[in-house]
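The values are calculated or read from the model by the stated rules, or taken from the named source; none is laboratory data. Everything numeric here is computed off the predicted structure, so don't read it as measured data. Cβ: placed from backbone, ideal geometry, glycine included. Neighbour counts: every protein chain shown. Each accessible area value is taken on the protein alone, full model and side chains, heavy atoms only, with ligands, DNA and RNA left out. Shrake-Rupley method; radii C 1.70, N 1.55, O 1.52, S 1.80 Å.
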Amino acid sequence: MKKLAVAAILMAGMGLLAGCQDEPEDKMENAADSVSDAMENMGDAAEETGDAIEQKAQEAQ
């Protein structure tokens with residue numbers, strides 16, 4: 001979960017920095033890319049969390 005939060009914060013920060021120099025169309029494209037990357041990172045984090053939960057459950061048995 002921490003990885004997800006860090007990734008989202010980094011993506012948002014990079015988007016804000018890049019947004020200061022781009023045209024409106026570029027800003028929209030960059031924002032869409034950032035959202036896409038964030039969603040991918042969330043999926044990866046969810047998968048890792050599921051794997052960790054499964055591993056803990058197996059260790060508890």
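Details
- Conditions (1) modelled with pLDDT under 90; (2) over 13 Å from the mean Cα position of the chain (by Cα); (3) open to solvent by 50 Å² or more (accessible area, probe 1.4 Å); number of the one not met by Q55: (1)
- For the condition at pLDDT 85 or above, within 8 Å of the chain's Cα centre (by Cα) and open to solvent by 70 Å² or more (accessible area, probe 1.4 Å), E40 qualifies.
- Where a residue in the stretch 32-61 is touching a residue at least 24 places away in the same chain (Cβ under 8 Å) and its partner, wherever it lies, is of a type outside the set (D, E, K, R) and open to solvent by less than 90 Å² (accessible area, probe 1.4 Å), with Cβ under 6 Å and at least six apart: D37/M11; A38/A8; A38/M11; N41/A7; M42/L4; A45/L4
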